[in-house]
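Have a look at the structure below, then the notes.
Values in this text are rule-based calculations from the coordinates and carry no lab data. Since we're looking at a predicted model, the values are computed, not measured. Cβ: placed from backbone, ideal geometry, glycine included. Neighbour counts: every protein chain shown.
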């Protein structure tokens with residue numbers, strides 16, 4: 001992998017991890033256009049995902065510090081309840097990760113991956129389009145909402161379905177207020193991403209990592225981190241302003257183009 005390819009894929013990962021356009025789908029499109037097979041390398045995947053996790057930690061550092069402080073107060077306070085809601089949201093994705101991980105990975109190896117990405121982008125567009133008509137009940141995330149949003153996150157393992165897009169869209173359709181659902185969507189993904197990478201470290205072999213040098217890894221990390229930092233902050237503001245319809249139009253166009261050229 002060259003440094004320019006690492007730069008492009010790092011930027012794609014950082015931007016699309018938070019913007020509701022599907023990072024997995026866009027990475028597949030990017031790999032296809034660049035002809036880069038080494039981007040499947042576990043080392044690069046772990047590095048760029050680690051960069052987006054770090055950007056999330058920085059953006060929500062005050063919220064995370066408050067949640068941790070509340071947890072160690074050893075009381076059933078708002079912070080402890082919030083962390084338990086995040087735990088509830090992780091139940092569906094944990095089941096898929098433990099029992100169906102191999103089946104999900106096979107989806108990314110199918111010869112018709114681009115066709116699948118195209119159709120899933122259309123589903124993402126539909127979900128985002130529905131939010132245009134969603135009426136907020138101005139409520140916080142409940143335990144029931146957390147579980148349903150967690151199911152949406154699980155469906156987003158499909159390449160082309162946006163994790164942030166599906167979770168935020170479902171939260172808005174449930175009547176959760178905009179800022180609350182955006183915050184919950186970004187915080188709930190931290191543990192699953194870290195857990196996925198840790199499981200991959202134990203399961204996979206790093207012997208093939210030599211094909212990617214230190215410079216491309218560093219460039220990919222920095223690109224994913226900086227773009228992720230900007231995209232995370234921008235997405236929060238976009239959700240507040242209710243401008244997800246523009247991403248729905250983009251995903252629909254990207255999906256159709258991908259299907260045509262697939």
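A simple spin-label model places the labels of residue 151 and residue 58 3.7 nm from each other, with each point 7 Å out along Cα-to-Cβ. When 28, 106, 140 are sorted by how many other C-beta atoms sit within 10 angstrom of their C-beta, beginning with the fewest, the order is 106, 140, 28.
Here the extension length gained between residue 135 and residue 32 equals 33.2 nm, from 0.36 nm per residue of separation less the Cα-Cα distance. Please work out the FRET efficiency for the pair residue 191 and residue 237, using the Cβ-Cβ distance as r and a Förster radius of 30 Å; give the result to the nearest 0.05. Working from the Cβ atoms, E equals 0.75. Output the 0 to 90 degree angle, nearest 10, between the alpha-carbon long axis of helix 178-188 and the longest principal axis computed from the alpha carbons of the chain. So the inclination is approximately 60 degrees.
Relative to the compact-globule estimate of 2.2 N^0.38 Å, the Cα radius of gyration of the chain comes out at 0.98.
Cβ-Cβ distance of residue 94 and residue 256, R₀ of 41 Å, FRET efficiency by 1/(1 + (r/R0)^6): the value works out to about 0.75.
Sorting 124, 45, 110 from the fewest to the most surrounding beta carbons within 10 angstrom yields 110, 45, 124. Take the Cβ atoms of residue 198 and residue 115, set R0 to 41 Å, and the FRET efficiency comes out at 0.80. Note on 144, 101: ascending count of other Cβ atoms within 10 Å places them as 144, 101, the fewest first. Calculated on C-alpha atoms, the gyration radius of region 125-203 divided by its Kirkwood radius gives an Rg/Rh of 1.02. Each Cα pair under 8 Å and six or more residues apart adds its sequence gap; the mean of these over the residue count of region 1-92 is a relative contact order of 20 percent. Its residue count N sets the reference 2.2 N^0.38 Å, and the alpha-carbon radius of gyration of region 67-212 equals 1.18 times that reference.
How far is helix 61-71 tilted off the main Cα axis of the chain, in degrees rounded to 10, range 0 to 90? Helix 61-71 sits at roughly 50 degrees to that axis. The overall shape of region 49-120, judged from the alpha-carbon gyration tensor, is prolate: a/c is not under 1.5, and a/b is greater than b/c. Estimated from helices alone, the mean residue ellipticity of the chain at 222 nm is -24500 deg cm²/dmol (sum of -39500 (n - 2.57) over DSSP H runs with n ≥ 4, per residue). With a cut-off of 8 Å between alpha carbons and a minimum separation of six or more residues, what is the relative contact order of region 3-261 in percent? 39 percent.
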